[in-house]
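Written out below as structure tokens is the structure these notes cover.
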């Protein structure tokens, strides 16, 4: 069995830490909780790699070995979603399973809503799915997003 490897992905001005193991065709991306780092997923990563998956766990910006954001007070979930998309692109991953727990569940849910073409499935622990309200959903949607055609003002 391979050992967990570590690398960094440049996302804008930040260098984000990635832990990974396995080389199977299916990829699971583990999103850690608060105040944790990739390490909280190590046992699950090893188990999935043993089952033929590639397992990846990033440290969010400002966590673990990842660079802190330049303006932490202005960091939002949008930044975490952009980081995740940049990580998938940097690793040439077209579709993945997202596994999130605690704080990591919300980015998993939001990413799957905004980028369904990049997600094979979502698994979360500790935080049930709660659909974002209209104002919150519109905050994350890009201008002209097709769903806005059916917008209802509430």
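Tabulated data for the structure shown
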item: Sole residue being touching a helix residue (DSSP H, G or I) at 6+ places or on another chain (Cβ under 9 Å), farther than 23 Å from residue 4 by Cβ and modelled with pLDDT of 95 or more, chosen from 54, 61, 118; result: 118
item: Criterion (surrounded by 20 or more Cβ atoms within 10 Å (Cβ to Cβ) and more than 10 Å from the chain's Cα centre (by Cα)) met by exactly one of 78, 66, 94; result: 66
item: Residue in region 41-54 that is surrounded by the most Cβ atoms within 10 Å (Cβ to Cβ), counting only those that are farther than 8 Å from residue 23 by Cα and free of Cβ contacts under 8 Å to residues at least 40 places away in the same chain; result: 48
item: Count of residues meeting criterion [in contact with a strand residue (DSSP E or B) (Cβ under 6 Å, 6 or more places away or on another chain), in a helix (DSSP H, G or I) and without any contact (Cβ under 8 Å) to a residue 60 or more places away in the chain] in region 61-115; result: 1
item: Filter result for residue 138 (part of a helix (DSSP H, G or I), at pLDDT below 90 and surrounded by 13 or more Cβ atoms within 10 Å (Cβ to Cβ)); result: yes
item: Every pair of residues 6+ apart whose Cβ atoms lie under 6 Å, when the first sits in region 1-28 and is under 12 Å from residue 46 (Cα atoms) while the second is in a loop (DSSP other than H, G, I, E, B); result: 19/4; 21/2; 21/4; 22/53; 28/53
item: Positions within region 15-26 being part of a strand (DSSP E or B) and either surrounded by 20 or more Cβ atoms within 10 Å (Cβ to Cβ) or in contact with a helix residue (DSSP H, G or I) (Cβ under 8 Å, 6 or more places away or on another chain) (or both), in sequence order; result: 16, 17, 18, 19, 20, 21
item: Residue identified as surrounded by 13 or more Cβ atoms within 10 Å (Cβ to Cβ), touching a helix residue (DSSP H, G or I) at 6+ places or on another chain (Cβ under 6 Å) and not in a helix (DSSP H, G or I) among 29, 9; result: 9
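The values are calculated or read from the model by the stated rules, or taken from the named source; none is laboratory data. This is a predicted model, so every value here is computed, not measured. Virtual Cβ from ideal backbone geometry, glycine too; neighbours counted across all protein chains shown.
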